[in-house]
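Accompanying notes for the structure given below.
Readers should treat all values here as calculations from the given coordinates under stated rules, not as data from a laboratory. Since we're looking at a predicted model, the values are computed, not measured. Cβ placement follows ideal geometry from the backbone for every residue including glycine, while neighbour counts extend to all protein chains displayed.
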Amino acid sequence: MIQLFFSATQYAAATVTAAIRAGLFGPREDHRRILVVSNTAPIPEVSTPLDRMAGFEKLRPEFDEVRSWNEFVFPHHPTAWSPTAQDAPMWEKAVRLAWNLGDQPVEIACESIQANPSRAVADIFADSPIHVYADGLMSYGPTRNRIPHGMSSRIYRVLHLDLIPGLRPMLLAEYGVEPVAIPNEPIVAVLNEIGAHGADLLAECLPAENRPTAVLLGQYLSAIDLISQEEEEELHVRMLCAAAKAGHTGILFKPHPSAPAAYSSSLETAARELAVHLTVLREPVLAETVFACLKPALVIGCFSTALMTAATFYGIPVARVGTEMLLSRITPYENSNRIPLTIIDAALPDAEHGPADFMAAPTDAGVVERLTPLVRAVGYCMQSRKHPDLRDEVAAWLSTQLAANAHYFKRRRLTSLRLPGGSPIRAETLRRNPTVRKVVRRIRAVQAQR
C-alpha cells in the first residue's frame, strides 16, 4: 500500500508524523510512505516550503520520499487548481508515472478536504480511501462545504489533536465519519524535536536578565478581514496591559508569521509607558517551542489554537482578550472561525477582567460538560441542514440556556431557524412571504424527485 501524506505547513507535517508514530497508519514495513509538500502561500516563490524549514530533518525519517505538489501542478497555484471530472483519470496516470507509483493501491491522508489541494488530490485518486487530519480547534466545528457522496463515502476517519479531552469534533460527522484523537505524547515529542533549532534562536534573542514570564500570541486577524489593522494593534496592546496588570514585567510577543513589522511599534510604545520589558520574537519559531523552552507563567491571546496547546500540552495558564468584540463582528454566521472563537471565549478566563489565578488546562469535566451543548448548538446554527438530528436537542438547550449564552447567537439566525430566541413575528412574516414560499415549494419538488 502506498500512503500519500499531504501537508502545507510544518505544524501539519508534525501532526501527521505524530499520528504515524502513534501507529495510526499501520506498520512501516507494509507501506511506502510519501510526504507531499504544498506551499500555499500567495506567492510560493518567495516563501519557504516546509521541507526546507529548520527542523524538517526530524520528520524526514518517517517517509520514504518527499515530493512537491507545487512542482507537479506548476505553473498553477496549488490552492487554485483542480482537475475537471473528465481529466481526473489522466491526472492520476500522470501522478503515478511522475512518482513511480505503478499500479499499487493508494491511500491519502490530507488536511481540509473542503479545499484544494486536498480536494484536487481526492478527485484525482477517485477510488482511494481518505484520512482527513485536522490540527486545530476548527475540527470541533461543522463541515463548511458539501462533500460529494463519491468522496465522502471514502473518508474513513478524522484524525485530530485532543485539545479538549471529552469534546467530540463535528467535522464530517454528517457523513458518519468517526473522529480519532492523536495521543498527546507523540505530538508533543515531535514538536519538541522540530523545535530544537528554534530553541537555539530563543536562547540567542532572549535577555539573560528579566526573561519573559508572559507570552502574547498574535494572529493577524486583519488579514482575514475580521478586524482592521488598527484594531488588531489595539488588541495586542490590550494583551500587553493585561499581562502587566497580572504582575509580569518581562513579556514576549510572538507575532503571526505573516504580520507586518509595523505591528510591534505600538506595542513597544505601550511597553515603555507600562515600564515592562518587551521582546518581539521576529525569528521563525513555533509557539510550542516557545512554551517548551520558556515555560511562561501565562499565555494570552485572542482565539489562537496555540492557547489550547499551551494549556493542554504544557500545563501553562492561559487567558483570552478581545473575543467579545470578535463574536459581535464575525460574519457570515457560517464562518469556520466561529467555533474556535466560541470555545476560547467559553473555556478561558478574560485576561482583562477575570480573576488573577488563570486556569492551566480546561480539561475538567465541568468545562467539557458546559462546552459540549454550546458547541453543538452553535454548530447546528452554522450548518443546520447538515445536522437536522440536532434540532430538538438544540431547541431544548436554548430554551433554558440562551440568556446566559446569547452573545454566541444572532437573533436573525435563530429567527430563520425558528429556534428559541428568534422573533416569532418575523418568522411568521417569512413563512407568508410569496418569494420564500416559492423557493420552499421548489426545494420540496427537487427533494421529491430524489
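With contributions of -39500 (n - 2.57) from each DSSP H run of at least four residues, the per-residue ellipticity at 222 nm computed over the chain stands at -12500 deg cm²/dmol. Just to confirm my numbers, what's the Cα centroid distance between segment 126-153 and segment 296-334 in Å? With segment 126-153 and segment 296-334 each reduced to a Cα centre, they are spaced 25 Å.
Averaging the sequence gap over all C-alpha pairs within less than 8 Å and six or more residues apart, then dividing by the number of residues, gives the chain a relative contact order of 12 percent. For residue 387, the shell of other residues with beta-carbons less than 10 Å away shows a net charge of +1, using +1 for Lys and Arg and -1 for Asp and Glu.
What residue among 280, 73, 440 shows peak mean-square fluctuation when the chain is described by a Gaussian network model with Cα springs under 10 Å? Fluctuation is largest for 440. Averaging Cα coordinates gives a centre for segment 381-450 and one for segment 207-286; these two points are 41 Å apart.
Running a GNM on the chain with Cα contacts under 10 Å, which residue among 218, 198, 102 ends up with the highest mean-square fluctuation? Answer for the Gaussian network model of the chain: 102. Other residues whose C-beta falls under 12 angstrom from the C-beta of residue 372 contribute a net charge of +1, scoring Lys and Arg +1 and Asp and Glu -1.
Charge tally around residue 296: other residues with Cβ under 11 Å, Lys/Arg +1 each, Asp/Glu -1 each, net +3.
Which of rounded, prolate or oblate describes segment 368-449 when judged by the alpha-carbon gyration tensor and an a/c cut-off of 1.5? Because a/c hits 1.5 or more and a/b fails to exceed b/c, segment 368-449 counts as oblate.
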